[in-house]
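Everything on this sheet refers to the single structure shown next.
Derivation of every value follows stated rules applied to the coordinates shown; laboratory data play no part. In this text the structure is predicted, and so the values were computed from the model without any measurement.
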Amino acid sequence: MGIMDILTQVISSGTASDQHFDQVAQSVPSDVLAKGLAGAFRADETPPIGEMVGQLFGNSNGQQQAGMLNQILAALGPVTAASLAGGVLGRVMSPGSS
C-alpha cells in the first residue's frame, strides 16, 4: 500500500490510527518524515512542546509515565540524572519519605 492509498483511506474514514502512522513512517525516507514532523511542531497552530508532553504524560497510565521518565533520564545521561537525584529531587524528597 502506497502513501496515497494510506492518505485516501484516512481521509475516507475520517480517522487516523497507529497503524496508519506506522505504514506512512515505513513508506517514506526518514529525512522526509523528520522534516514533516519538524514542520508540524514549528507550526503556529501547534501548542508548545512542554504543553503537549505534559498533556501526554497526564493522560498516560503509570506504566507509560514510567516509560516516558526512563526515556528522558536515558537521554539526559548518567551525569545529569545523578545531579538531579542529588539536587532537585534530593531537595524534594526528605530522607525516609517516598
Three-way shape label, region 44-83, alpha-carbon gyration tensor, a/c 1.5: oblate
Global form of region 1-51, assessed from the alpha-carbon gyration tensor, a/c cut-off 1.5: oblate
